[in-house]
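Written out below as structure tokens is the structure these notes cover.
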Amino acid sequence: MIELLRRFGGKFRRYMVIGPACKLIEVIFDLLTPLVIAQMIDKGIGAHDVNAVVHYGMLLGAMAVIGISFTLVCQKMAALTSQGMGTDIRGALYGHINKLSYAELDRFGTPSLITRITNDVNQVQLAVALGVRMLIRWPFLAVGSMCAALAIDLKLGIIFLICTPAIGLVFWFVMARCIPYYKQLQAKLDRIALICREGLSGARVVRAFVREDHERERFAQAADDQAHVAIAVGKLSSILNPVTFLVMNLGVCAILWVGGIQVNVGELTQGQVMAFVNYMTQTLTSIVYVANLVVVFTKASASASRINEVLNCAPSITDEGNEPVALPEPSAMGDTALVPALSLSHASFSFGAGAANAVNDVTLELPLGKTLGIIGGTGSGKSTLVSLIPRLYDAGVGSVSVMGTDVRSWPLDQLRHVVATVPQRASLVSGTIRSNLTWRDESATDEELWAALDMAQASEFVRNKPQGLDAPVEAGGKNFSGGQRQRLTIARALVGSPQILIMDDSASALDFKTDAALRHAIRERSVRGAAEGGLPLTTVIVSQRVSTVRDADMICVLDHGSVAGLGTHDELYASCQLYREICQSQLRREELEGQQGSAAPASAPSPASAPTAPASTCAKEGC
Ligand SMILES: Nc1ncnc2c1ncn2[C@@H]1O[C@H](COP(=O)(O)OP(=O)(O)O)[C@@H](O)[C@H]1O
Ligand SMILES: [Mg+2]
């Protein structure tokens, strides 16, 4: 909490001084009130002097008005500080989360990050507001009342001195047991958020598989878990109020008894006894409020450490000090094989210390303007392999280079501008088609957007919308079909003229004809780009369909993260058993028969084969 205050409180230091100072003035008036009441009783009511009653009554009224005015100022300071700090913390958290790499995001988990940015910041905000308003009030009121009471009469003060530690002891007993539960409560809330998110985002699948009961049960279980802890805390803290008021009322009885005797013998006035009772109740209620403050601050400190955990988590992928990379000069290139657009050298990556490599010792080189197809079963590491290229993850071992420069030496912005990725899960955000398409280039013209849509085979359905490019997109793009969403994300990647396009299973929801038209358009664009004096577009296509990758200049067959084969379709069909099995399971008999003739290992590589592509290799046993 202190760390957060140090980080974000500086701007609000003035408010944090003015607020409590105003509160202090209000507390002083609160402390004077019992003394004025005592005077009113002794000099007014006791002496049957109406004028004195009116006089003191007006004084009390004036004190109340002044007290309220200062309270209002304090309240405003508290609101400005807490809301301001809350907004700043939320902004900083969101900004920092956006800088974290996939590895850190995986570690925290999205639901936990959402809880931290919402609920945890709220707890801190509440504590700051209460801190400005109450941190001075209650302790000052408790101590001030105690001193004032002792100043009135030391003998009655003994009752006071017995009651206060008794209540303090009860609080200590309860709080010491409650505090550990508050930390647990936050973790349980995280779990509820996770189940909510999974259940709601996958609502269609849940219904399709008739898993509603199961999901309901899972949610009920998590909610019950949280409720059990909350009830345990509630039970413990429920003894606080009755015990406090019991002790307080016993104290008041004792004061009235002993005080009554002292009034009778003339040692004290009635007004003084009343003032004493007031001070006593003020002190003891202050202790109750201090305890509540302890609860709020304990919760806030648990939340603050969760917020700091994120803020202090340094992104593992940074580009500090990296100078912009000069792209190869198209005119000087002549031979496109001069610089490989993409090269991986013994690249390996694993998701955790003990986990098996998701990408294992991959070495390949793709010349500029060529197409690499990556094929393999589910979980074979295709998505992980391609996420090493725009540095969404860093290869643990080996290196990945783009345009001849190690990705770790690129400024991240430039790298991700040069490399456009179409992720496996098509994600759109609420807004319009235009706002979704201009992510990579905000100044893209309509002409450029339509060209990208044309290439992505998306222009037809966009044209059919009355608002065209300004047609609304709902959250997650749920007002579009799976295939339409995929095409829009492909178009988004094509805006801003990338040099390398990665499509991670991005055509899975497209029919074969559209898929083929898409690949044809991309190839045309690559050729056109080169003819117009630019760099030709280099493409990486990840797919589980042979038909999508068979025309690629080079195909990489992945099996459990390792390269099982590398070469053209014909080469691999002839030499790689795994690739042949995939082909046999997917291609029609006629296509396969046509294949047999050209599949002889000695057959010449297809004309499209990459000039520097290594000769077909197959790591699979028996290949
Ligand atoms: N975020 C992640 N955390 C831990 N393991 C992961 C994560 N993403 C993928 N994996 C694991 O890495 C392996 C490769 O996954 P992936 O690259 O997504 O495969 P593919 O794209 O070929 O289906 C799988 O075994 C998968 O379980
Ligand atoms: Mg994948």
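Just so you know, all these numbers are worked out from the coordinates, no wet-lab data involved. Bear in mind that the values here come from a model prediction, so they are computed numbers and not experimental data. Reconstructed Cβ throughout: ideal geometry from the backbone, glycine too, with neighbour counts over all protein chains shown.
If the only charges are +1 at each Lys and Arg Cβ and -1 at each Asp and Glu Cβ, what is the size of the charge dipole of the chain around the Cα centre, to the nearest 20 debye? List each step's numbers first, then the result.
Working: 53 positive and 55 negative charges, 377 e Å.
Computed about the Cα centre, the dipole is about 1820 debye.
What angle do you read, to the nearest 10 degrees and between 0 and 90, between the alpha-carbon axis of helix 13-39 and the longest principal axis of the chain?
In the chain, helix 13-39 runs at an angle near 20 degrees to the longest axis.
Cross-link list K188/K235; K23/K76; K99/K183; K188/K478; K23/K299; K99/K299: which exceed 22 angstrom alpha carbon to alpha carbon?
Values: K188/K235 18 Å; K23/K76 11 Å; K99/K183 27 Å; K188/K478 30 Å; K23/K299 24 Å; K99/K299 27 Å.
As for pairs spanning more than 22 Å Cα to Cα, those are K99/K183; K188/K478; K23/K299; K99/K299.
Could you work out how far helix 154-201 tilts from the main Cα principal axis of the chain, as a 0 to 90 degree angle to the nearest 10?
The angle comes out at about 20 degrees.
Just order 426-436, 319-329 by mean Cβ neighbour count inside 10 Å, highest at the front, would you? The partial results should precede the final answer.
Values: 426-436: 17.5, 319-329: 12.4.
Highest mean packing first, the order is 426-436, 319-329.
In debye, nearest 20: dipole of segment 83-311 around its Cα centre with unit charges on the Cβ of K, R (+) and D, E (-)? Numbers along the way, then the final one.
On the way: 20 positive and 15 negative charges, 69 e Å.
Magnitude of the dipole: close to 320 debye.
Specify whether the C-alpha gyration tensor of the chain places it in the rounded, prolate or oblate class, a ≥ b ≥ c being the square roots of the eigenvalues: rounded for a/c under 1.5, otherwise prolate if a/b is larger than b/c and oblate if not. Each step should come with its number before you reach the end.
Numbers: a/c = 3.51, a/b = 2.96, b/c = 1.19.
Prolate, because a/c is 1.5 or more and a/b exceeds b/c.
Local charge sum around V407 (other residues, Cβ-Cβ under 12 Å, Lys/Arg +1, Asp/Glu -1)?
Numbers: positive: R391, R408, R416; negative: D319, D394, D406.
Its environment carries a net charge of 0.
State to the nearest 20 debye the size of the charge dipole of segment 69-150 about its Cα centre, where the only charges are +1 on K and R beta carbons and -1 on D and E beta carbons. Write down the numbers at each step before the final one.
Values: 7 positive and 4 negative charges, 41 e Å.
Dipole about the Cα centre, nearest 20: 200 debye.
So who's got an amide H within less than 5 Å of the one on T421, skipping anything under 5 residues away but keeping other chains? H placed 1.01 Å off N, in plane.
Counting only residues 5 or more places away or on other chains, the set is I502.
May I ask for the angle, rounded to the nearest 10°, between helix 121-134 and the longest principal axis of the chain, with both axes built from Cα atoms and the value confined to 0 to 90°?
The helix 121-134 is inclined about 20 degrees to the chain.
Which Cα, out of S82, V17, Y102, lies furthest along the positive dipole direction of segment 11-147 (beta carbon charges, K/R +1, D/E -1)?
Farthest along the dipole direction, towards plus: Y102.
Between E323 and N51, 0.36 nm times their residue separation minus their Cα-Cα distance comes to what?
This chain segment gains 89.4 nm when fully extended.
List the GluC sites (Glu not before Pro) within segment 486-585 that fall in a DSSP loop (any state other than H, G, I, E or B) and whose Cβ has at most 11 other Cβ atoms within 10 Å.
Working: sites: E524, E532, E571, E581; in loops: E532.
Listed in order of number, the matching sites are E532.
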